[in-house]
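For reference, the structure is listed below as structure tokens.
The values are calculated or read from the model by the stated rules, or taken from the named source; none is laboratory data. No experiment lies behind these values; they were computed from the predicted model shown. Because the Cβ atoms are built from the backbone with ideal geometry, glycine has one as well, and the counts that use them run over all protein chains shown.
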Amino acid sequence: MDQQEAFDIEYWLLEDAKLRRQPPEKELDRQIIVVVGAGAGIGKATAHRLVREGAHIVCVDLDEASANQTAQEIIAKYGEGIGVAGTGISDCGPAIGLACDITVRSSVQQMYEAVMLAYGGIDAVVVTAGIFVPPDKAGYIADRLWEKTFAINVTGAYIVADEANKIFTQQGLPGAIVLTTSANAIVAKKGSLAYDSSKAAANHLVRELAVEMAPLVRVNAVAPATVVRGSTMFPRDRVIASLTKYAIPFSEEEETESLREKLAVFYAKRSLTQLQIEPEDQAEAIFLLVSQRLARTTGHVIPVDGGLQDGFLR
Amino acid sequence: MNKQDSYKFVKYLWRDAEADKLQGVDRLVYRSNRLGEDLTLTNTGGGNTSSKLMEKDPLTGEQVEVLWIKGSGGDLRTAKRDGFASLYLDKIRAMKPLYQNHPERGPKTEIEDAMHPMYSHCVFNLNPRACSIDTPLHTLVPYHHVDHLHPNSVIAIAASVNQERLTREIYGDDVLYVPWQRPGFDIGLKIEQLIKDHPHAKGVLLGHHGMSSWSNDDRTCYETALEIIDRAARYIEAHDKGEKTFGGPKYQHLPEETRRRAIAGLISWLRGQVSVYKRFVGTVQDDEKMLRFVNSVDGPRLAELGTSCPDHFLRTKIKPLFVDWNPASGDLDALKTAILAGLVQYRKDYEAYYNRCKHPDSPAMRDPNPTVVLIPGLGMIAWGKSKSESRVTAEFYNCAIEVMRGAGSD
């Protein structure tokens with residue numbers, strides 16, 4: 001077929017009309033976003049929030065089954081797409097689930113390698129994975145648990161960002177990283193020594209990474225007040241310990257969800273808005289930081305805490 | 001032999017037990033999905049099907065003839081009832097004299113392009129689905145059911161130098177032949193006349209494009225489509241060049257681990273290079289068939305010839321970027337240098353092609369970056385605005401390779 005004939009098809013006004021009938025692109029269309037911690041809580045809510053705006057979501061979690069579960073929920077809702085091609089992982093839909101131990105650099109590298117073969121690049125990375133280690137009954141935190149807390153909450157976030165930076169640099173397209181720190185990063189609290197200290201370090205990690213990765217990549221964080229619902233950081237024992245600490249009446253026979261609700265209500269009452277802080281509230285702030293809406297914000301930690309008076313910087 | 005056992009290269013998926021539970025347009029949806037399910041029959045988003053059915057007019061309550069036809073931009077495999085347009089058949093038939101009475105008619109004439117918007121006046125029951133560009137073909141073929149498909153095996157015959165002779169050789173008088181002409185009223189009228197002249201023909205081979213089958217029985221229409229495609233595939237198999245396909249191998253395949261690591265290390269850089277205007281999402285294809293092509297002697301020459309079906313051009317562009325690199329060297333820096341040089345030339349070529357071929361009313365030039373990148377030793381990286389779209393792009397180039405394999409058979 002000669003080129004003029006080919007052109008007359010490629011630029012045929014009727015074909016062009018077909019293109020124009022397509023719905024306008026969404027804010028995060030064409031983007032590939034890695035959500036580390038997507039198996040539950042804030043990460044899962046973030047995955048669902050960002051895909052609504054058109055992003056492809058790489059659901060990453062230490063627990064592969066929960067990562068896959070979130071990916072499957074997305075595919076069930078949005079479909080696999082239509083083209084039939086791609087070898088191995090590249091034959092995927094708008095979301096994939098991957099296992100990753102963010103404290104091990106080689107595991108993070110393998111995760112990104114899979115992302116490259118699946119989608120060809122990254123546009124943003126969100127880290128919501130974290131750990132809270134309560135002190136023992138004597139109020140003591142063993143060294144290995146202190147190390148684990150920092151390994152996940154600080155070093156892990158650093159490794160994820162550092163490996164992403166290599167890809168961002170090679171790709172040369174503007175990108176974004178959003179970490180998840182905590183209101184406790186600036187509020188000292190009895191019984192949260194390791195966690196709070198690690199989150200304080202994570203707050204400064206955000207600023208350091210923003211400097212290191214500028215101008216190509218913006219690095220920010222959300223600082224949630226306690227998000228109880230859906231969080232793997234609130235097993236029954238911790239909820240009971242907190243209810244006991246705050247002298248909130250409860251019965252040992254109550255279901256865990258009921259106990260969580262009591263704790264969430266207590267936390268809500270401590271805030272200015274008196275509203276419970278939900279995973280979706282964090283996801284909304286993460287969306288803003290990932291999108292172009294806050295394109296001129298980097299190196300900042302955005303509190304999403306309902307207004308904790310103890311959290312006001314002074 | 002049962003009908004379903006007589007095919008070698010296509011899947012017979014029709015089940016009377018399922019189809020007989022359905023009526024009217026639901027049977028058309030069933031037939032379309034079965035056709036779309038087998039990728040040897042048509043590509044994603046390609047082809048269209050129709051049935052002329054009696055329906056109750058919502059205004060008068062009278063029985064009227066309605067053409068149900070796959071909607072524009074839809075996909076046979078995944079189409080549901082709402083993916084089909086519906087048009088009053090008497091109204092679309094009334095469009096024929098409008099076209100025929102125009103003093104200047106034929107492909108690319110003003111009246112040809114003015115016909116398509118007329119279908120909006122023919123919509124039955126306020127159905128918002130826009131009808132396919134191939135609607136004239138479905139209207140003018142004087143049978144109740146028509147299937148129009150883009151099978152690789154048939155396009156291989158339809159894109160070969162001896163397409164008309166091969167059509168006769170393979171099908172005898174069973175299948176008519178029409179040289180390439182873009183869809184519209186003119187080609188629809190030509191096919192209508194050919195059917196009048198050859199009333200026993202069961203289908204038509206469309207040069208550079210695909211095929212159509214027809215019948216007053218929907219299952220027969222389905223089976224005829226399968227038969228036409230299977231006969232083309234059998235011919236190609238009988239003339240397969242084996243080891244000498246695409247001129248034989250020039251490079252050895254790299255081991256899978258080496259290949260994947262190289263792609264993973266390269267692809268984000270390539271994404272940055274092709275995403276100058278808008279970001280793209282990638283799909284990697286490095287299976288045996290793809291590697292045979294990118295590692296072949298004739299791969300670079302064949303890639304210049306273009307892709308398989310004209311309606312693929314919007315996604316694949318008229319040619320891919322074939323990177324000039326020796327994988328045996330393993331030199332990834334040299335690969336990047338070769339890609340950069342290739343991209344510069346590709347964009348220049350695309351701009352020149354646009355400027356040479358454009359018309360005063362042509363849409364503005366689209367992104368001049370390639371959407372298909374072929375790398376010896378590594379395979380193909382295809383790009384699209386979403387994962388789904390990049391998979392479609394990759395699928396279309398797989399089709400192109402299959403067509404080139406078939407068209408190159410002796």
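Among the strands (runs of 3 or more DSSP E) confined to region A:23-137, the ones with at least 1 residues that are at the interface with chain B (Cβ under 10 Å from one of its Cβ atoms) are located at A:32-36, A:56-61, A:95-99.
Residue under question is B:ARG260, and the condition is that it be surrounded by fewer than 18 Cβ atoms within 10 Å (Cβ to Cβ) and assigned to a helix (DSSP H, G or I); does it hold? Taking the combined requirement at face value, the residue does not satisfy it. Filtered by the rule that a residue be surrounded by fewer than 20 Cβ atoms within 10 Å (Cβ to Cβ) and more than 9 Å from every other protein chain (Cβ to nearest Cβ), region B:269-294 gives B:VAL276, B:TYR277, B:GLU288, B:LYS289, B:ARG292. All conditions but one from (1) crowded, with 21+ Cβ neighbours inside 10 Å; (2) away from chain A (no Cβ under 14 Å); (3) of a type in the set (Val, Ile, Thr) apply to B:VAL297; the one that does not is (1).
Among all residues of region A:48-65, there is at least one that is of a type in the set (Val, Ile, Thr) and in contact with a Cys (Cβ under 9 Å, 6 or more places away or on another chain).
Could you go through region B:5-15 and let me know if any residue there is over 20 Å from B:HIS148 (Cα atoms), part of a helix (DSSP H, G or I) and modelled with pLDDT under 95. Within region B:5-15, one or more residues are over 20 Å from B:HIS148 (Cα atoms), part of a helix (DSSP H, G or I) and modelled with pLDDT under 95. The numbered conditions (1) closer than 21 Å to A:ASP91 by Cβ; (2) over 17 Å from the mean Cα position of the chain (by Cα); (3) surrounded by 24 or more Cβ atoms within 10 Å (Cβ to Cβ) are all true for B:PRO376 except (1).
Say whether the condition of being away from chain A (no Cβ under 11 Å) and part of a helix (DSSP H, G or I) is met by at least one residue in region B:349-369. Yes, the conditions are met somewhere in region B:349-369. A count restricted to region B:347-360 and to residues that are of a type in the set (Asp, Glu) and either in contact (Cβ under 8 Å) with a residue 60 or more places away in the chain or within 30 Å of B:GLU110 (Cβ to Cβ) (or both) stands at 1.
Of the residues making up region B:1-38, just one is within 17 Å of the chain's Cα centre (by Cα) and surrounded by fewer than 16 Cβ atoms within 10 Å (Cβ to Cβ), namely B:GLU37. Restricting attention to region B:39-62, does a residue exist that is in the same structural domain as B:LEU189 (by TED's automatic domain parsing), basic (Lys, Arg), surrounded by 18 or more Cβ atoms within 10 Å (Cβ to Cβ) and in contact (Cβ under 8 Å) with a residue 60 or more places away in the chain? Within region B:39-62, one or more residues are in the same structural domain as B:LEU189 (by TED's automatic domain parsing), basic (Lys, Arg), surrounded by 18 or more Cβ atoms within 10 Å (Cβ to Cβ) and in contact (Cβ under 8 Å) with a residue 60 or more places away in the chain.
Per-residue answers, yes or no, for (1) outside the structural domain of B:LEU28 (by TED's automatic domain parsing); (2) assigned to a helix (DSSP H, G or I):
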site: B:HIS208; (1), (2): no, no
site: B:ARG219; (1), (2): no, yes
site: B:THR224; (1), (2): no, yes
site: B:ILE267; (1), (2): yes, yes
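For region B:317-330, the set of residues classified as more than 10 Å from chain A (Cβ to nearest Cβ) and touching a Ser or Thr at 6+ places or on another chain (Cβ under 7 Å) is empty. Residues of region B:374-397 being outside any helix (DSSP H, G or I) and either within 12 Å of another protein chain (Cβ to nearest Cβ) or modelled with pLDDT under 95 (or both), which ones? The answer is B:LEU378, B:GLY379, B:MET380, B:ILE381, B:ALA382, B:TRP383, B:GLY384, B:LYS385, B:SER386. Out of B:LEU166, B:LEU194, B:LEU176, one residue alone is assigned to a strand (DSSP E or B) and over 16 Å from B:HIS145 (Cα atoms). It is B:LEU176.
Only one entry in A:ARG218, A:ARG207 is part of a helix (DSSP H, G or I) and among the charged types (D, E, K, R), namely A:ARG207. Within region B:286-344, the set of residues being among the polar types (S, T, N, Q) and touching a Phe, Trp or Tyr at 6+ places or on another chain (Cβ under 6 Å) comprises B:ASN295, B:SER296, B:THR316. I'd like to know if region A:142-165 contains one or more residues that are in contact with a Ser or Thr (Cβ under 9 Å, 6 or more places away or on another chain), farther than 30 Å from B:VAL281 by Cβ and among the aromatic types (Phe, Trp, Tyr). Checking region A:142-165: at least one residue is in contact with a Ser or Thr (Cβ under 9 Å, 6 or more places away or on another chain), farther than 30 Å from B:VAL281 by Cβ and among the aromatic types (Phe, Trp, Tyr). Screening the candidates B:ASP311, B:ASP333 for the property of being within 14 Å of another protein chain (Cβ to nearest Cβ) and crowded, with 21+ Cβ neighbours inside 10 Å yields one hit, B:ASP311.
Closer than 22 Å to A:ALA241 by Cα, of a type outside the set (Gly, Ala, Ser) and crowded, with 19+ Cβ neighbours inside 10 Å, is that true of A:ASN184? So A:ASN184 fits the description; yes.
Listed conditions (1) more than 28 Å from B:LYS80 (Cβ to Cβ); (2) out of contact with any Gly (no Cβ under 8 Å at 6 or more places or on another chain) are all met by A:ILE102, apart from (2).
Residues that are within 14 Å of another protein chain (Cβ to nearest Cβ) and either surrounded by fewer than 19 Cβ atoms within 10 Å (Cβ to Cβ) or within 21 Å of B:PHE313 (Cα to Cα) (or both) within region B:172-221 comprise B:PRO179, B:TRP180, B:GLN181, B:ARG182, B:PRO183, B:GLY184, B:ILE187, B:LEU206, B:GLY207, B:HIS208, B:HIS209, B:GLY210, listed in sequence order.
Set side by side, the residues B:LEU305, B:LEU266 differ, and just one is within 14 Å of chain A (Cβ to nearest Cβ), surrounded by fewer than 19 Cβ atoms within 10 Å (Cβ to Cβ) and of a type in the set (A, V, I, L, M, F, W, C), which is B:LEU305. Here region B:361-388 is the region considered, the condition is being in contact (Cβ under 8 Å) with a residue 60 or more places away in the chain and among the hydroxyl-bearing types (Ser, Thr, Tyr), and the residue that is nearest to A:PHE7 (Cα to Cα) is B:THR371.
Restricting to region A:118-156, and then to whatever is within 26 Å of A:LYS166 (Cβ to Cβ) and of a type in the set (Phe, Trp, Tyr), can you tell me which residue is surrounded by the fewest Cβ atoms within 10 Å (Cβ to Cβ)? By that ranking, first place goes to A:PHE150. All of B:ALA232, B:ALA225 fail the test of being among the small types (Gly, Ala, Ser) and out of contact with any strand residue (DSSP E or B) (no Cβ under 6 Å at 6 or more places or on another chain), apart from B:ALA232. Tell me which of these B:TRP68 doesn't satisfy, since it passes every other one: (1) part of a loop (DSSP other than H, G, I, E, B); (2) crowded, with 21+ Cβ neighbours inside 10 Å. Just one mismatch for B:TRP68, condition (1). Does B:ALA400 satisfy the condition of being at pLDDT 95 or above and either buried (at least 20 other Cβ atoms within 10 Å of the Cβ) or away from every other protein chain (no Cβ under 14 Å) (or both)? Spelling it out, it is not the case that B:ALA400 is at pLDDT 95 or above and either buried (at least 20 other Cβ atoms within 10 Å of the Cβ) or away from every other protein chain (no Cβ under 14 Å) (or both).
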